[in-house]
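The values are calculated or read from the model by the stated rules, or taken from the named source; none is laboratory data. Quick caveat, the model's predicted, so the values are computed rather than measured. Please note: Cβ atoms are built from the backbone with ideal geometry, for glycine as well, and neighbour counts cover all protein chains shown. Side chains are part of the model used for accessible areas, which takes the heavy atoms of the whole protein and leaves out ligands, DNA and RNA. Shrake-Rupley method; radii C 1.70, N 1.55, O 1.52, S 1.80 Å.
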Amino acid sequence: MGFVSRRDMALQLKYLYYCKQKTRCHYTKVIMGIKGPKGLNFSVERKDVAGRYDIKNTVLCLDIVNRMKNETTNEEEFFDMCTYVFREYIKTKVQKGELNKRDVRKYLVSQILKHI
């Protein structure tokens, strides 16, 4: 069932923002703003772009993440693309000598733990 009215949609978004997601981006868990720097405001996003804007398919995320995800069809494809980008980022750091191959695992764990 989709949103039936603007009021219904507003109430559902308020619920998502404050209660379910606790003001954090669905994908990055970074705190989102309502009014703030471009890209850090929240944006309404469909997990499956072919689906409807309803409570099961709708999440809130950072505006910049939503714009990135717009180029993919679903969450899995989006995460795959993020993995490819991050893999190339690490590969480049190793090639430039900014990161030692044997330290990659430690670096990845530190990046993940920093944001948990």
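Is it fair to say Leu40 is farther than 30 Å from Lys14 by Cβ and open to solvent by 40 Å² or more (accessible area, probe 1.4 Å)?
No; evaluated as a whole, the condition is false for this residue.
Looking at Ile64, Ile34, Ile55, Ile90, can you tell me which residue is exposed (fewer than 12 other Cβ atoms within 10 Å of the Cβ) and modelled with pLDDT under 90?
Ile34
What are the pairs with Cβ atoms under 7 angstrom where one residue, in the range 1-13, is open to solvent by less than 60 Å² (accessible area, probe 1.4 Å) and at pLDDT below 75 and the other, located anywhere, is in a helix (DSSP H, G or I) and not aromatic (Phe, Trp, Tyr)? Sequence gap at least six, or different chains.
Phe3/Met9; Phe3/Gln12
This table checks each residue for (1) farther than 18 Å from Tyr15 by Cα; (2) of a type in the set (Ser, Thr, Tyr); (3) in contact (Cβ under 8 Å) with a residue 24 or more places away in the chain.
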| site | (1), (2), (3) |
| --- | --- |
| Ile31 | no, no, no |
| Leu62 | no, no, yes |
| Asn70 | yes, no, no |
| Phe78 | yes, no, yes |
| Glu98 | yes, no, no |
| Gln111 | yes, no, no |
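If you go through the range 73-110 one residue at a time, how many are closer than 28 Å to Val49 by Cβ and assigned to a helix (DSSP H, G or I)?
Matching residues across the range 73-110 total 15.
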